[in-house]
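Reviewing the structure listed below.
The values are calculated or read from the model by the stated rules, or taken from the named source; none is laboratory data. Here the structure is a predicted model, which is why all the values come from computation and not from measurement. Because the Cβ atoms are built from the backbone with ideal geometry, glycine has one as well, and the counts that use them run over all protein chains shown.
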Amino acid sequence: MIGTGKMGRCLSTLLRDHAVVTLHSRDIKKARAIARRIGVDGADINAISGSDVILATIPTGALQRFVEESAGAMRPGAIFVDVSSVKVGLVEEVLKRLPKGTGYVSIHPLFTSPKVKEKDVAFIPVRETATVERFLETLSKSGMSIFRTTAEEHDRATAATQVLHHFALLAMEMVLQRHMKSSERFKTHSLRKTLAVIRLVERNRETAVMIQKLNKFGKGVREEFIREAEALDREFSN
């Protein structure tokens with residue numbers, strides 16, 4: 001497992017009872033400290049040479065460089081796995097940088113906590129090897145529900161489920177910031193729940209912005225949302 005962020009910790013926790021999990025990081029002290037807390041092994045980044053599956057939970061912007069720097073250490077027959085929220089364009093660039101004997105699948109866990117009930121995972125086969133089926137079986141044994149898709153189908157769908165969702169919430173946050181000081185006493189229960197979701201998006205703002213910029217279907221969905229908002233405004237203003 002490459003990366004000690006929220007997704008790396010989440011997947012390590014889920015997989016630890018069904019696979020030998022080693023948490024890797026450039027900061028070996030941090031990796032070992034978090035690994036001990038989770039109950040897995042910790043090692044520096046060079047240990048990937050002994051791994052059958054290299055699962056990278058690092059920021060999308062760092063993914064291509066990581067593959068370029070680490071490709072030579074990947075053993076023949078191993079598979080590389082990314083968890084990026086945007087697939088079109090990225091998977092092609094990652095594939096170019098991987099050794100020919102290395103398999104490659106791109107997944108998108110639609111959750112960030114091992115405690116959630118529905119652990120759906122979008123799975124995109126890019127270059128399959130014998131190890132891929134074992135990897136999928138391990139995900140399933142760990143409580144995840146896998147469904148196959150393509151990079152384009154994924155990004156078209158997440159343009160609505162992520163781009164639109166985050167865009168609407170971030171726009172709402174900007175307006176609420178200007179009004180909540182004078183309206184604090186009037187918060188409804190439903191608004192408090194919405195604010196909790198906004199805080200979640202805000203804590204992952206860098207990822208949310210990346211998705212807005214890199215999903216090539218996102219702009220069209222944002223424009224559709226704005227048109228619908230303007231149409232509602234005209235309807236409610238009459």
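Applying the selection to the stretch 1-11, what residues are outside any loop (DSSP other than H, G, I, E, B) and not β-branched (Val, Ile, Thr)?
Within the stretch 1-11, 6, 7, 8, 9, 10, 11 qualify.
Mind listing just one residue for me: the one in the stretch 11-44 that is modelled with pLDDT of 90 or more and acidic (Asp, Glu) and, of those, surrounded by the most Cβ atoms within 10 Å (Cβ to Cβ)?
The selected residue is 41.
Among 133, 202, 206, which is of a type in the set (D, E, K, R), surrounded by 12 or more Cβ atoms within 10 Å (Cβ to Cβ) and within 28 Å of residue 117 (Cα to Cα)?
202
Please state which one of 47, 56, 122, 78 is surrounded by fewer than 19 Cβ atoms within 10 Å (Cβ to Cβ) and closer than 23 Å to residue 18 by Cβ.
Exactly one residue qualifies, and that residue is 47.
Here is a yes/no grid of residues against (1) in contact with a helix residue (DSSP H, G or I) (Cβ under 9 Å, 6 or more places away or on another chain); (2) farther than 30 Å from residue 58 by Cα; (3) in the same structural domain as residue 111 (by TED's automatic domain parsing):
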position	(1), (2), (3)
187	yes, yes, no
190	no, yes, no
198	yes, no, no
201	yes, no, no
204	yes, no, no
210	yes, no, no
219	yes, no, no
227	no, yes, no
233	no, yes, no
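So, in the stretch 12-48, exactly how many residues are in a loop (DSSP other than H, G, I, E, B) and farther than 21 Å from residue 129 by Cα?
Residues flagged as in a loop (DSSP other than H, G, I, E, B) and farther than 21 Å from residue 129 by Cα within the stretch 12-48 amount to 6.
When you look at residue 116, is it assigned to a loop (DSSP other than H, G, I, E, B), at pLDDT below 95, among the hydrophobic types (A, V, I, L, M, F, W, C) and closer than 20 Å to residue 15 by Cβ, yes or no?
Taking the combined requirement at face value, the residue satisfies it.
Take residue 93 and decide whether it is free of Cβ contacts under 8 Å to residues at least 24 places away in the same chain and over 22 Å from residue 222 (Cβ atoms).
Here the answer is no, as residue 93 does not meet what is asked.
With the stretch 123-238 as the region, which helices (runs of 4 or more DSSP H) entirely inside it contain at least 1 residues that are in contact (Cβ under 8 Å) with a residue 40 or more places away in the chain?
130-141, 151-158, 165-183, 205-214, 218-237
List every residue pair whose Cβ atoms lie under 7 Å apart, where the two residues are 6 or more positions apart in sequence or sit on different chains, the first residue falls within the stretch 49-65 and is assigned to a strand (DSSP E or B), and the second residue, located anywhere, is surrounded by fewer than 19 Cβ atoms within 10 Å (Cβ to Cβ).
Going by the 7 Å Cβ cut-off, the qualifying pairs are 53/131.
For residue 81, state whether it is of a type in the set (Val, Ile, Thr), assigned to a helix (DSSP H, G or I) and touching a residue at least 40 places away in the same chain (Cβ under 8 Å).
Here the answer is no, as residue 81 does not meet what is asked.
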